[in-house]
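A quick write-up on the structure given underneath.
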Amino acid sequence: MDKETLIGMVRDYRVALYLVLLVISIILIYPHPGPDGLETNLQFGLDLSGGSWIQLEFQSAVVTFKTGMPIDQFVSDLKTKLDAEVTLVENNRIEIRKGVSEEELREIFSGMETELVAYNPGVTKETADDIKRILENKINSLGTRDAKTYVITGLNGISRYVRIEMAGVSMSQAQEIVGKQGKFEIRIQTTGNETEHVVFGDVIKSVATPAQNPPNSDNWGVSFVLTDEGAEEFRQAAIRHGAVRDPDNHFLAMILDGKTVYSAPLSPDLAGTLQARPSPNLIASTGVGVSGKEDAKLLEIHLRNGALPVEVKIAGSGSVSAELGDQFKMWCVIAGIFALLAVAASVLYRYHEPAIVLPMIMINASEVIILLGITAPFLQLDLATIAGLIAVLGTGIDQLVILTDEILHEGKVPSPNIYLKRLKRALGIIVASAATVFIAMLPLALMDLSTLRGFAIITILGVLVGVIVTRPAYGRIIMAILSK
């Protein structure tokens with residue numbers, strides 16, 4: 001190809017758009033040498049970088065009922081009988097935020113002259129959204145962006161499970177952070193070993209970072225501030241049970257998920273302050289040494305980001321070691337190279353002409369680079385997305401073959417007018433095929449189906465990049481090559 005033809009081809013808007021997008025993608029990927037070898041801006045999921053995943057089951061149920069009682073009275077009585085939070089979703093539908101079986105509920109309803117119409121384990125969409133937000137806040141407290149949260153929702157709109165994937169996080173740490181409800185409660189000793197509830201963690205206004213208390217000691221704790229209402233409730237409880245007059249015989253207990261993280265007599269200074277006014281500033285000591293420091297960090301996360309509205313139970317979990325993740329990366333690279341070589345061999349066998357095969361393979365490989373550049377800021381690479389990239393290689397070469405076969409007629413290059421007609425017809429076939437793939441993958445891309453979503457997103461983006469950018473550019477490039 002002479003210089004003039006090459007310049008004319010590059011100036012064509014289709015080829016220029018393709019080259020600009022390719023350069024931008026390389027900049028976004030930013031391959032550069034680092035201390036551990038070649039580094040990029042690509043995000044890797046737990047399949048390729050190691051980490052843990054946990055699937056949680058909500059201990060709750062959404063129930064449809066029929067009752068002759070006034071609705072408000074029915075909900076109030078049910079709260080008392082179940083000793084649980086019951087929320088009215090619709091006039092005949094409630095959400096019970098406690099693990100209760102259908103048999104137990106039917107027995108309770110029969111005593112209330114109420115019919116159980118439908119029983120669905122799980123939570124409503126609104127509650128599921130709250131749970132997802134709280135979990136994401138807790139995960140973000142770890143300072144990692146390599147985490148994904150998927151709420152698994154059935155066709156009835158009820159969510160029963162949530163799956164959390166955290167790259168670079170150990171299983172024990174993952175279970176401590178997201179495997180528990182994170183319910184914080186302050187209780188005060190009344191008489192003997194009896195205690196009474198004072199406040200829950202929802203009255204906490206602000207939380208400090210874990211610190212040594214007193215300073216430069218080996219004892220760790222977390223300071224927090226109560227809201228005005230919470231501080232007043234705390235003061236009234238201390239006065240009501242005599243803790244302000246006899247602080248040594250009234251322990252203050254701070255409980256996280258049923259485990260006591262702090263238990264000590266009410267300090268005389270705090271007792272004296274509470275006689276005159278509320279004291280919103282409190283501190284929870286978690287112990288000494290490394291274990292006390294780690295417990296303080298965990299307590300801070302739960303206090304800062306709140307408790308889940310329902311209890312959760314670990315329904316499944318798994319982890320991938322960092323060493324295994326590195327092996328997966330290597331095998332993915334090898335699989336991609338072999339896929340590209342196989343594609344090159346197949347088209348070379350078909351056309352027996354390197355001048356046709358070379359631009360085909362270059363366009364195909366560059367399409368993967370463009371996809372990596374587009375998805376680098378927002379999508380993690382895992383085994384499913386890698387499979388999507390390899391699938392794009394295969395479908396991409398199919399469309400390039402369609403283009404080439406339509407352009408060539410009986411092995412000959414047609415005249416420019418006929419060439420443009422055939423190119424337009426081939427692109428029409430490709431657009432129709434791409435639309436079918438787009439429609440088929442769209443539900444998977446919109447639904448929270450864990451790794452299947454990444455596969456669908458890569459496939460859809462591959463189709464769009466091919467139709468809009470790379471196929472028209474290939475058509476112009478192959479025209480310049482075949483004309484010679």
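Applying the condition of being in contact (Cβ under 8 Å) with a residue 12 or more places away in the chain and surrounded by 16 or more Cβ atoms within 10 Å (Cβ to Cβ) to the stretch 76-86 and asking which residue is farthest from V62 (Cα to Cα) yields D77.
Kindly indicate which of I314, I283 is closer than 19 Å to V203 by Cα and either assigned to a strand (DSSP E or B) or among the acidic types (D, E) (or both).
I283
In the set S415, S483, S450, which member is modelled with pLDDT under 85 and touching a Phe, Trp or Tyr at 6+ places or on another chain (Cβ under 7 Å)?
Going through S415, S483, S450 in turn, the sole match is S450.
Name the pairs: first residue in the stretch 13-25 and farther than 17 Å from G466 by Cβ, second residue open to solvent by 40 Å² or more (accessible area, probe 1.4 Å) and aliphatic (A, V, I, L, M), Cβ to Cβ under 8 Å, at least 6 apart or on different chains? Qualifying pairs under 8 Å: A16/V10. A search for C-beta distances below 9 Å between a residue of the stretch 233-249 that is without any contact (Cβ under 8 Å) to a residue 60 or more places away in the chain and farther than 14 Å from G272 by Cβ and any residue that is of a type in the set (D, E) and surrounded by fewer than 21 Cβ atoms within 10 Å (Cβ to Cβ), counting only pairs 6+ apart in sequence or on different chains, returns A237/E196; R240/E196; H241/E196.
Of the residues making up the stretch 35-48, not one is among the hydroxyl-bearing types (S, T, Y) and buried (at least 21 other Cβ atoms within 10 Å of the Cβ).
Against the list (1) hydrophobic (A, V, I, L, M, F, W, C); (2) open to solvent by less than 60 Å² (accessible area, probe 1.4 Å); (3) farther than 22 Å from K205 by Cβ; (4) assigned to a helix (DSSP H, G or I), the condition L303 fails is (3).
Total residues in the stretch 21-62 satisfying the condition of being over 19 Å from the mean Cα position of the chain (by Cα) and under 18 Å from R163 (Cα atoms): the figure is 2. Would it be correct to say that I152 is farther than 30 Å from A264 by Cβ and modelled with pLDDT of 80 or more? So I152 fits the description; yes. One residue is enough: does the stretch 52-71 have a residue meeting the conditions open to solvent by 60 Å² or more (accessible area, probe 1.4 Å), farther than 30 Å from L88 by Cβ and part of a loop (DSSP other than H, G, I, E, B)? The answer is no; no qualifying residue exists.
Scanning the stretch 277-326 for residues that are in contact (Cβ under 8 Å) with a residue 60 or more places away in the chain, in contact with a Ser or Thr (Cβ under 6 Å, 6 or more places away or on another chain) and more than 21 Å from Q181 (Cβ to Cβ) returns I283, G292, S319, G325. If you scan the stretch 99-112, which residues turn out to be open to solvent by 60 Å² or more (accessible area, probe 1.4 Å), at pLDDT 90 or above and not acidic (D, E)? Correct list: R106 only. Taking the condition of being open to solvent by 40 Å² or more (accessible area, probe 1.4 Å), out of contact with any strand residue (DSSP E or B) (no Cβ under 6 Å at 6 or more places or on another chain) and either assigned to a loop (DSSP other than H, G, I, E, B) or on the phi > 0 side of the Ramachandran plot (or both), how many residues in the stretch 157-210 meet it? The qualifying residues number 8. Taking the criterion of being farther than 26 Å from D130 by Cα, touching a helix residue (DSSP H, G or I) at 6+ places or on another chain (Cβ under 8 Å) and open to solvent by less than 50 Å² (accessible area, probe 1.4 Å), the residues of the stretch 212-222 that qualify are N219, W220, G221.
Of the residues in the stretch 223-245, none is part of a helix (DSSP H, G or I), touching a Ser or Thr at 6+ places or on another chain (Cβ under 9 Å), within 17 Å of G182 (Cα to Cα) and open to solvent by less than 40 Å² (accessible area, probe 1.4 Å).
The values are calculated or read from the model by the stated rules, or taken from the named source; none is laboratory data. All of these numbers come straight from a predicted model, not from anything done at the bench. Neighbour counts are summed over all protein chains in view; Cβ atoms, including those assigned to glycine, are modelled from backbone coordinates with ideal geometry. All accessible areas refer to the heavy atoms of the entire protein, side chains included, with ligands and DNA or RNA removed. Shrake-Rupley method; radii C 1.70, N 1.55, O 1.52, S 1.80 Å.
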